[in-house]
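The values are calculated or read from the model by the stated rules, or taken from the named source; none is laboratory data. Values in this document were obtained by computation on a predicted structure and should not be read as measured data. Because the Cβ atoms are built from the backbone with ideal geometry, glycine has one as well, and the counts that use them run over all protein chains shown.
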Amino acid sequence: MEEIVVKDDEQIELSIVDGDLEVHDGAIINVSSKVDKLVINGNLVSKGDIEINGSIEVKEIIHKNGYLDVTGDILAERIRIRNGLRGGSKLIVGGNLTAEETTIDGGLEVEKDFNCPSVEIMGSCTVYGNTDVETYEVNGSAKHELNLNATEVDISGSLRVGEDAIIKEELEVSGSAKIGGTLNCPEVEVGGSFACDNLITNNTDVSGSAKTSTAQVGDELDVSGSYKCEGSIIVSKLSVSGSCKIGDDSKIEKLSVSGSSKSGDNCKFVNIKVSGSLGLGADNIAENIDVSGSCSSVGYLKLSEKLQVSGSLTGDEIEAGEISVSGGLRCEVAKADLINISRNSRVRGKLFGGIVIIGDGARVEDITADKVELGRKVRAGVVEAGTIDADPSAKYTKG
C-alpha cells in the first residue's frame with residue numbers, strides 16, 4: 001500500500017489514498033471535485049494546523065498539536081486527537097462526524113450530526129446538529145443545539161441541550177445543566193443549577209436551584225436550592241432546601257421543604273412537612289400537613305388525617321381528622337374530629353369538631369362540638385356541645 005506525505009504548508013488535491021496519509025503543519029488538502037469524498041484506505045496521521053476541504057472516509061485519524069479542520073463529513077473507525085507541546089488541539093468538522101470511538105485531549109466542534117458509541121473529550125464539545133452516542137464523557141463544557149441521545153453521560157463542566165435529551169442510564173453534570181425540551185433519564189445528578197422543560201426521571205439530585213415546566217419523577221427529586229415547577233409535578237418524594245413552587249394538578253406523596261412553599265390548585269399530597277411558610281391553592285387534598293411557621297390555603301382544604309401548625313394558620317374552609325394549632329388560626333370554618341388549640345393561641349372563625357380542646361389563655365370564637373374542654377382564662381364566644389369541661393376562670397356563652 002502506498003503512503004502519501006504532505007509537507008509543511010504544502011497544498012495538494014487528492015481523491016483516494018491507498019495507504020496512510022501523513023500531513024504536516026500548515027498543509028491544505030483539497031478533495032477532488034470528481035469524487036464525493038476522499039477515501040483513505042489506511043490512517044490519517046497529522047500534526048499541527050491542518051485544513052481539509054471536503055469530506056473524508058478513513059480507518060483511523062491520529063492528530064496532535066494543533067487544529068484539524070475538515071469542512072465536510074468525517075467517517076472513521078477511530079479518532080484520536082492529542083495535545084502536543086503547544087497544547088490546545090481541536091477537531092473541527094463542517095459536516096457530520098461518524099466514528100466508532102472518539103478520544104480528544106482538546107476540543108471538538110461539529111457543525112451537523114455527531115454519531116459515535118464511545119466518546120471521551122478532555123476539553124469542550126459543541127455539536128450544532130443531533131448527537132447519538134453511548135458512553136459520553138466531557139471534562140469541559142458540552143453544548144448541543146438539537147437532540148442528545150446517549151446511554152451514559154458524564155460532564156465535568158456545564159451541559160446545554162437545545163431540544164430533547166434522552167439518556168438510558170445516568171446523567172452526571174458537575175456544573176449547571178439546561179435542557180430546552182424533555183430530559184428523560186432514570187438517574188440524574190447535577191452539581192449546579194438545573195433547568196428543563198419536561199423532566200422524566202426516577203431519581204434526580206440537584207445541588208443548586210432547579211426549574212421545570214412539568215415533571216414526572218418515579219422516586220425522588222432532591223433540590224438543595226430553590227425549585228419551581230410551572231405546571232404539574234408527579235413525584236413520590238420532593239425535598240427542597242430552599243423555596244418551592246409547584247403548579248396546578250400536582251401529585252406528591254411526600255413534600256419536605258426547609259423554606260417557603262407554594263402550590264397551585266387541585267393538588268394532591270400524602271404528607272407535607274415545611275419549616276417556613278406553606279401556601280396552598282384552592283381544593284388541595286392531603287393526609288398530613290406539619291408546618292413550623294405559617295400555613296395558608298385558598299378555598300377548600302381537606303386532610304384525611306392531621307394538620308399541625310406551629311405558627312399561624314389561615315384559610316377559607318379547612319377540614320381534617322385532627323387540627324392542632326400553636327399560634328394563630330384565622331378561617332371561616334375549621335372542622336375536625338379533634339381540634340387542639342394550644343395555650344395563648346388566637347382563633348378567628350368557627351370551630352366544628354367531635355372533641356375541641358382549648359389551651360390556657362387562648363382566645364377563640366364560636367365552637368360546636370360533641371365535647372369541649374376550656375383551659376384557664378380562656379375567652380370564647382358561643383359554645384354548643386353535649387359536654388363542656390371548663391376551668392372556672394374560662395369565659396364563654398353556652399349555646
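Can you give me the ranges of the strands (runs of 3 or more DSSP E) entirely in the stretch 175-281 with at least 2 residues that are closer than 30 Å to S124 by Cβ? Don't jump to the end; show me each part of the working.
Working: elements: 177-184, 187-190, 194-206, 210-223, 227-229, 233-240, 251-257, 268-274.
Because the criterion is at least 2 residues that are closer than 30 Å to S124 by Cβ, the strands (runs of 3 or more DSSP E) in the stretch 175-281 that meet it are 177-184, 187-190, 194-206, 210-223, 227-229.
K34 is checked against (1) assigned to a strand (DSSP E or B); (2) of a type in the set (K, R); (3) over 40 Å from the mean Cα position of the chain (by Cα) and fails just one. What number does that condition carry?
Condition not satisfied by K34: (1).
What pairs can you find where one residue is in the stretch 22-51 and over 25 Å from G106 (Cα atoms), the other is of a type in the set (D, E) and outside any strand (DSSP E or B), and their Cβ atoms are less than 6 Å apart, with a gap of 6+ or different chains?
N41/D18
Could you tell me whether A380 is crowded, with 17+ Cβ neighbours inside 10 Å and within 22 Å of D290 (Cβ to Cβ)? Spell out how you get there, then give the answer.
Values: crowded, with 17+ Cβ neighbours inside 10 Å: yes; within 22 Å of D290 (Cβ to Cβ): no.
The answer is no for A380.
Would you confirm, using the coordinates I've provided, whether D9 is surrounded by fewer than 18 Cβ atoms within 10 Å (Cβ to Cβ) and modelled with pLDDT of 95 or more? Outline the logic, then answer.
On the way: surrounded by fewer than 18 Cβ atoms within 10 Å (Cβ to Cβ): yes; modelled with pLDDT of 95 or more: yes.
Yes: the conditions hold for D9.
Among the candidates G321, G247, single out the residue that is under 18 Å from the mean Cα position of the chain (by Cα) and at pLDDT 95 or above. Steps first, please.
On the way: G321 fails: under 18 Å from the mean Cα position of the chain (by Cα).
So the residue among G321, G247 that is under 18 Å from the mean Cα position of the chain (by Cα) and at pLDDT 95 or above is G247.
Which of the residues that make up the stretch 263-282 are surrounded by fewer than 17 Cβ atoms within 10 Å (Cβ to Cβ) and charged (D, E, K, R)?
D265, K268
Please go through the stretch 99-140 and give me each residue that is polar (S, T, N, Q) and surrounded by fewer than 20 Cβ atoms within 10 Å (Cβ to Cβ), ordered by number. Spell out how you get there, then give the answer.
Of all residues in the stretch 99-140, those polar (S, T, N, Q) come to 102-103, 115, 118, 124, 126, 130-131, 135, 139.
Passing the criteria: T103, N115, S118, S124, T126, N130, T135, N139.
Taking the condition of being in contact with a Lys or Arg (Cβ under 6 Å, 6 or more places away or on another chain), within 17 Å of I79 (Cα to Cα) and charged (D, E, K, R), how many residues in the stretch 101-155 meet it? Break it down into steps so the answer makes sense when it comes.
Of the stretch 101-155, the ones in contact with a Lys or Arg (Cβ under 6 Å, 6 or more places away or on another chain) are 101, 103, 105-107, 126, 129, 143, 151.
In the following step, the residues that additionally are within 17 Å of I79 (Cα to Cα) were identified as 101, 103, 105-107, 126.
Those left that are additionally charged (D, E, K, R): 101, 105.
Result for the stretch 101-155: 2.
For L307, state whether it is crowded, with 22+ Cβ neighbours inside 10 Å, touching a residue at least 12 places away in the same chain (Cβ under 8 Å) and touching a Gly at 6+ places or on another chain (Cβ under 6 Å). Spell out the reasoning first.
Details: crowded, with 22+ Cβ neighbours inside 10 Å: yes; touching a residue at least 12 places away in the same chain (Cβ under 8 Å): yes; touching a Gly at 6+ places or on another chain (Cβ under 6 Å): no.
No: the conditions fail for L307.
Look at the stretch 33-74 and say how many of its residues are closer than 22 Å to V138 by Cβ and among the aliphatic types (A, V, I, L, M).
So the count comes out to 5.
So, in the stretch 208-225, how many residues would count as being among the small types (G, A, S) and surrounded by fewer than 19 Cβ atoms within 10 Å (Cβ to Cβ)? First the steps, then the outcome.
Within the stretch 208-225, the subset among the small types (G, A, S) is 208-210, 213, 215, 218, 224-225.
Subsequent filtering for residues that are surrounded by fewer than 19 Cβ atoms within 10 Å (Cβ to Cβ) retains 208, 213, 218, 224-225.
So the answer is 5.
Regarding S236, is this residue crowded, with 17+ Cβ neighbours inside 10 Å and modelled with pLDDT of 95 or more? Outline the logic, then answer.
Details: crowded, with 17+ Cβ neighbours inside 10 Å: no; modelled with pLDDT of 95 or more: yes.
In short, no.
Would you list the strands (runs of 3 or more DSSP E) that sit entirely within the stretch 55-143 and hold 2 or more residues that are within 25 Å of D9 (Cβ to Cβ)?
On the way: elements: 56-64, 67-70, 74-82, 90-93, 97-104, 107-110, 114-121, 125-127, 131-138.
Ranges flagged: 56-64, 67-70, 74-82, 90-93, 107-110.
Of the residues I92, I62, I52, I16, only one is crowded, with 21+ Cβ neighbours inside 10 Å and either modelled with pLDDT of 95 or more or out of contact with any Phe, Trp or Tyr (no Cβ under 7 Å at 6 or more places or on another chain) (or both); which? Step through it out loud before you land on a result.
Details: I92 fails: crowded, with 21+ Cβ neighbours inside 10 Å; I62 fails: crowded, with 21+ Cβ neighbours inside 10 Å; I16 fails: crowded, with 21+ Cβ neighbours inside 10 Å.
Every option except I52 fails the conditions.
Output the number of residues of the stretch 53-109 satisfying the condition of being hydrophobic (A, V, I, L, M, F, W, C) and more than 37 Å from the chain's Cα centre (by Cα). Reasoning before the result, please.
Taking the stretch 53-109 as the starting set, the residues that turn out to be hydrophobic (A, V, I, L, M, F, W, C) are 56, 58, 61-62, 68, 70, 74-76, 79, 81, 85, 91-93, 97, 99, 104, 108.
If we keep only those that are more than 37 Å from the chain's Cα centre (by Cα) as well, we get 56, 58, 61-62, 85.
The qualifying residues number 5.
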